[in-house]
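Worksheet: one structure, shown below.
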Amino acid sequence: MPADLISGTQIAEDIRTELKARIANLKAKGVTPGLAMVRVGEDPASVSYVSGKSKASAELGIYSETIVYPENASEVEVLARISELNGNQRFHGILVQLPLPRHIKEDKVLNAIDPLKDVDGFHPVNVGRMLIGEPYFLPCTPHGVQELLVRSGHSPEGKHVVICGRSNLVGKPLMAILVQKKAGANATVTICHTGTKNMAQITRQADILVAAMGSPRAITADMVKEGAVVIDVGVNRIPDATKKTGFRLVGDTDFDAIREKAKAITPVPGGVGPMTVTMLMVNTVRAAEMRLAAPRQN
Ligand code: GUN
């Protein structure tokens, strides 16, 4: 029997419905959650992601502004804007879309964001808090993967989760989230990466296999255990002349073949993608709630 599809679109919708009540509660107390997004340059994927985040904010009644800089903007300029946004009460959350142009140092920019407004969860303070199990904000994509698993009835508790990919955006934080001794986590976690020998031997031991290498269809059916749950974080654009855009999206897994073997799998698109945006909304609302509970200067 083909694997069940885990619909990120549906689960994201459920979470957004829950969020609406929290936003209404904040508004009743005179607070509208505010999100500032900074984009530098015109990378097509970044343009599309930021526009999706802006649309999701509007649909939920979250106030958002997108600040766009040209590709040749200076690091100083961007840092000055972040400093202004840190002090601007209108915004509870600040996000700088990655990747940045090469002449702008990513770590410098991420370190400049006030950790209490860091709704991406990328500031070293937030990375550290996540690792010790006391997060302000969890990074959106890995947190979305955890929510997908739990809400689709495939809790990682006690399972062997194998993550392929060790990025700071997905692989490493997902490991830090799922290894915690907490409900919805408490998993045995293995990370595979480009230095891993005999990767297939390890991925075949996974109860839950997470593909997050950014390599189109790199996980093939022979790498998957019969009955495993497969989460595909990949979003790869591959040329497709039949599409108006000239491309289509594929994940990091060979979806059609794996579907015949796995118990459940996320589609691309419609799997992890909608969860990333939704968890950003969750973090923005949380930032507003935290400030309301513990007011400070900004
Ligand atoms: N680029 C790819 N994913 C992300 C993300 O989750 N947040 C930001 N800011 N940039 C990204």
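The values are calculated or read from the model by the stated rules, or taken from the named source; none is laboratory data. Predicted model, so just to flag it, every value in this text is computed and none were measured. Every residue, glycine among them, receives a Cβ derived from its backbone with ideal geometry; neighbour counts consider all protein chains shown. Protein only, heavy atoms only, side chains kept; ligands, DNA and RNA dropped before computing areas. Shrake-Rupley method; radii C 1.70, N 1.55, O 1.52, S 1.80 Å.
Applying the criterion of being polar (S, T, N, Q) and open to solvent by less than 30 Å² (accessible area, probe 1.4 Å) to the residues of the stretch 65-102, the residue that is farthest from the chain's Cα centre (by Cα) is Asn86.
If only residues of the stretch 74-98 that are closer than 18 Å to Val31 by Cβ and aliphatic (A, V, I, L, M) are counted, the one that is nearest to the ligand (Cβ to nearest atom) is Ile94.
Quick grid of which residues meet (1) in contact with a strand residue (DSSP E or B) (Cβ under 8 Å, 6 or more places away or on another chain); (2) within 15 Å of the ligand (Cβ to nearest atom); (3) in a helix (DSSP H, G or I); (4) among the β-branched types (Val, Ile, Thr):
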| residue | (1), (2), (3), (4) |
| --- | --- |
| Ile11 | no, no, yes, yes |
| Asp14 | no, no, yes, no |
| Thr32 | yes, no, no, yes |
| Leu35 | yes, yes, no, no |
| Arg39 | yes, yes, no, no |
| Ser48 | no, yes, yes, no |
| Gly52 | no, yes, yes, no |
| Ala56 | no, yes, yes, no |
| Asn72 | no, no, no, no |
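Annotation note: Cβ proximity below 6 Å between a residue of the stretch 150-162 that is closer than 21 Å to Gln205 by Cβ and a residue that is hydroxyl-bearing (Ser, Thr, Tyr) and crowded, with 18+ Cβ neighbours inside 10 Å (sequence gap 6+ or interchain) occurs for Val162/Thr203.
Counting the residues of the stretch 99-115 that are within 10 Å of the ligand (Cβ to nearest atom) and touching a Ser or Thr at 6+ places or on another chain (Cβ under 8 Å) gives 1. Looking at Arg166, is it touching a residue at least 60 places away in the same chain (Cβ under 8 Å) and either closer than 30 Å to Arg217 by Cβ or within 14 Å of the ligand (Cβ to nearest atom) (or both)? Taking the combined requirement at face value, the residue does not satisfy it.
Restricted to the stretch 253-272, and to residues that are touching a residue at least 60 places away in the same chain (Cβ under 8 Å) and surrounded by fewer than 24 Cβ atoms within 10 Å (Cβ to Cβ), which residue is nearest to Asn88 (Cα to Cα)? Taking the candidates together, the pick is Gly270.
Checking Val235 against (1) within 16 Å of the ligand (Cβ to nearest atom); (2) crowded, with 22+ Cβ neighbours inside 10 Å: exactly one of these is not met. Which one? For Val235, the failing item is (2). Could you tell me which residue of the stretch 107-120 is surrounded by the most Cβ atoms within 10 Å (Cβ to Cβ), considering only residues that are β-branched (Val, Ile, Thr) and under 26 Å from Leu292 (Cβ atoms)? The qualifying residue surrounded by the most Cβ atoms within 10 Å (Cβ to Cβ) is Val119. Is there a residue in the stretch 33-44 that is at pLDDT below 95 and either open to solvent by 80 Å² or more (accessible area, probe 1.4 Å) or within 22 Å of the chain's Cα centre (by Cα) (or both)? Yes, that holds for at least one residue. Do we have any residue at all in the stretch 121-138 that's within 16 Å of the ligand (Cβ to nearest atom), surrounded by fewer than 17 Cβ atoms within 10 Å (Cβ to Cβ) and farther than 26 Å from Val224 by Cβ? Yes, the conditions are met somewhere in the stretch 121-138.
For the stretch 121-142, the set of residues classified as assigned to a helix (DSSP H, G or I), among the hydrophobic types (A, V, I, L, M, F, W, C) and free of Cβ contacts under 8 Å to residues at least 12 places away in the same chain consists of Val125 only.
Exactly one residue out of Ala200, Ala206, Ala185 is part of a helix (DSSP H, G or I) and open to solvent by less than 50 Å² (accessible area, probe 1.4 Å): that is Ala200. The selection criterion, being within 13 Å of the ligand (Cβ to nearest atom), in contact (Cβ under 8 Å) with a residue 12 or more places away in the chain, farther than 25 Å from Gln10 by Cβ and of a type in the set (D, E, K, R), holds for Asp118. Considering Arg151, Arg166, which residue is in contact with a strand residue (DSSP E or B) (Cβ under 7 Å, 6 or more places away or on another chain), surrounded by fewer than 24 Cβ atoms within 10 Å (Cβ to Cβ) and of a type in the set (D, E, K, R)? None of the other options fit; the residue is Arg166.
For the stretch 240-275, filtering for residues that are farther than 29 Å from Met1 by Cα and either within 16 Å of the ligand (Cβ to nearest atom) or not in a loop (DSSP other than H, G, I, E, B) (or both) leaves 1.
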